[in-house]
Every structure is written in structure tokens, then in C-alpha cells.
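The values are calculated or read from the model by the stated rules, or taken from the named source; none is laboratory data. The shown structure was predicted, so the numbers you read here are calculated from the model rather than taken from an experiment. Here the Cβ positions follow ideal geometry from the backbone for every residue, glycine too, while neighbour counts run over all protein chains shown.
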Ligand code: F6P
């Protein structure tokens with residue numbers, strides 16, 4: 001589009017695709033660290049990219065966070081007949097109510113006139129509770145959907161920021177910082193090379209499951225998330241990931257290259 005050419009964002013998208021070695025990058029103007037409205041624009045761009053990828057039947061796993069919540073706000077009903085089912089990718093990652101995947105799936109279903117399933121899992125579970133939980137019919141049903149998942153939409157966060165936001169215990173924070181984790185997604189903490197440093201033990205989508213998902217969209221922006229984005233995307237090299245980000249993160253990623 002003309003606007004994009006004028007702002008040079010298309011050029012930046014090409015550069016970022018090469019740096020991150022991923023299939024598609026969508027960049028919105030501005031830096032969400034500095035301006036809340038930019039997060040809304042990322043939400044809009046992500047929502048429209050999701051709609052473009054919809055087929056007749058859609059089973060969509062999403063994670064929580066404020067950015068994915070912004071995506072929900074921007075979704076609209078589909079024009080043609082679509083079956084759309086939203087569910088949380090993983091349960092109990094420790095977010096407040098507005099940012100929980102459970103809350104966001106309900107919102108997405110409402111906005112698209114689709115359906116949703118919840119995943120009720122406490123944040124910290126013992127081994128015993130964990131093994132009986134996965135046998136619960138409602139949870140089993142959601143876990144089965146993961147196998148048929150057609151799309152994943154997830155946020156990315158700075159590792160230490162996320163560990164603190166989740167009120168992670170001191171010992172685990174130490175492990176995360178000793179392991180030099182820089183990025184977090186799905187409850188997995190990654191170092192700069194994309195190695196898993198720590199993983200929140202919870203039910204739902206595991207990293208391995210991503211391999212079978214045809215469409216993966218990561219949505220994250222702000223210069224402060226540049227290292228996190230690189231770490232999370234790197235571990236998927238060669239795989240199909242669509243990154244929706246902002247100019248702030250993109251410029252920083254180019255600078256760090
Ligand atoms: O906790 C869910 C989650 O998607 C994390 O995996 C991610 O790091 C974080 O939220 C992103 O949150 P925000 O968009 O608010 O920065």
C-alpha cells in the first residue's frame with residue numbers, strides 16, 4: 001500500500017524476514033512501549049491476518065497477555081460460513097483475569113460469533129493433581145483439540161519480566177536468570193539461541209505440538225521485546241511463523257543483528 005511505501009515499513013519487513021529467517025513479517029508503525037495505541041494496531045493487523053488464513057473449519061489455540069487481548073478486540077464476524085473454535089493453548093500460566101487465555105477465548109468467540117472451550121487448570125499443581133487433571137473429561141476434550149489445531153496465535157514476553165509478572169518463586173527466577181533466558185512464550189523460557197531454559201509445567205500445547213500446526217502467528221512489539229522475539233522465533237528456524245510486530249521492535253532487531 002502507498003502508506004507502507006511512504007513509511008518504509010515494507011522495506012523493514014523484508015529486512016526482518018531475512019534476519020529472523022521466517023516466512024512472513026507484518027510491521028505496524030510506532031513503538032508499543034511508548035504508545036498504547038500501537039498495541040491496538042498490532043491487534044488489528046493480527047486479526048486481519050488471522051481472518052485471511054481462515055478456512056471452513058478452524059480450531060484456534062491462543063495464549064494470554066495484553067497483546068493477544070488487543071487482537072480479540074479487533075476481531076469481527078466472518079462474512080462467509082466459517083466454523084471457528086477458540087481454546088487456550090495452555091492452562092494456568094499465571095495472568096490476571098483480563099490477560100488470561102480463558103477470558104480472551106470467550107471474547108474472540110463473541111467477536112467472531114464463533115465458539116470457545118475453556119481450560120481450567122490451577123497455576124501450580126502437584127504431580128498427583130496433575131495426573132488426575134489430565135483424566136478429567138473436559139480437560140481431555142480440550143487436549144484432544146490440540147491435535148487438530150489449525151492455528152496458534154501467541155504472545156511473546158521478556159523472560160524476567162514474565163517470570164516476575166507470574167510471581168515465580170525465587171529459586172525458579174534464579175534458574176531463569178542463570179540460564180540467561182531472554183524470551184518467553186507458552187510458558188517456555190528461551191535463551192538467545194532458542195534453547196529452553198525453563199518450562200512452566202502445565203496442561204495444554206507443548207512446544208513439540210507446534211510442528212503440526214499449519215498456521216502460527218506470533219504477536220509482540222516494543223523495542224524492549226526485541227531480544228525476546230529473536231529468541232522465541234529462532235527456535236523455530238525454517239518453520240512457518242508469521243510475526244506481527246511494531247516498528248520499535250523491528251528497528252531494535254535490525255540494530256542487534
Ligand atoms: O502469559 C501469556 C503470554 O502470552 C506469555 O507467553 C507472553 O510472554 C506474554 O503473555 C505476553 O504478554 P504481553 O502481550 O502483555 O506483553
Here is a list of conditions, (1) within 13 Å of the chain's Cα centre (by Cα); (2) within 22 Å of residue 122 (Cα to Cα); (3) within 11 Å of the ligand (Cβ to nearest atom), and residue 218 meets all of them except one; can you say which number that is?
(2)
Tally, over the range 55-69, of residues that are without any contact (Cβ under 8 Å) to a residue 60 or more places away in the chain and either buried (at least 24 other Cβ atoms within 10 Å of the Cβ) or more than 16 Å from the ligand (Cβ to nearest atom) (or both)
1
Any residue in the range 169-183 that is within 15 Å of the ligand (Cβ to nearest atom), over 16 Å from residue 93 (Cα atoms), outside any helix (DSSP H, G or I) and in contact with a strand residue (DSSP E or B) (Cβ under 9 Å, 6 or more places away or on another chain)?
yes
What is the one condition in (1) on the phi > 0 side of the Ramachandran plot; (2) at pLDDT below 95 that residue 126 does not satisfy?
(1)
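Please tell me if residue 146 is more than 14 Å from the ligand (Cβ to nearest atom) and touching a helix residue (DSSP H, G or I) at 6+ places or on another chain (Cβ under 6 Å).
Values: more than 14 Å from the ligand (Cβ to nearest atom): yes; touching a helix residue (DSSP H, G or I) at 6+ places or on another chain (Cβ under 6 Å): yes.
Against the criterion (more than 14 Å from the ligand (Cβ to nearest atom) and touching a helix residue (DSSP H, G or I) at 6+ places or on another chain (Cβ under 6 Å)), residue 146 qualifies.
Would you be able to say whether some residue in the range 160-167 is within 29 Å of residue 195 (Cβ to Cβ), modelled with pLDDT under 90 and within 16 Å of the ligand (Cβ to nearest atom)? Spell out the reasoning first.
To start, the set of residues in the range 160-167 that are within 29 Å of residue 195 (Cβ to Cβ) comprises 160-167.
Applying the additional criterion that residues be modelled with pLDDT under 90 yields none.
Checked against the condition, which is being within 29 Å of residue 195 (Cβ to Cβ), modelled with pLDDT under 90 and within 16 Å of the ligand (Cβ to nearest atom), the range 160-167 yields no hits at all.
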Of the conditions (1) surrounded by 14 or more Cβ atoms within 10 Å (Cβ to Cβ); (2) at pLDDT 95 or above, residue 19 clears all except one; give me its number.
(2)
Could you give every pair whose Cβ atoms fall below 7 Å, whose first residue belongs to the range 157-176 and is without any contact (Cβ under 8 Å) to a residue 60 or more places away in the chain, and whose second residue is near the ligand (Cβ under 8 Å from one of its atoms) and outside any helix (DSSP H, G or I), counting only separations of at least 6 or pairs across chains?
162/184
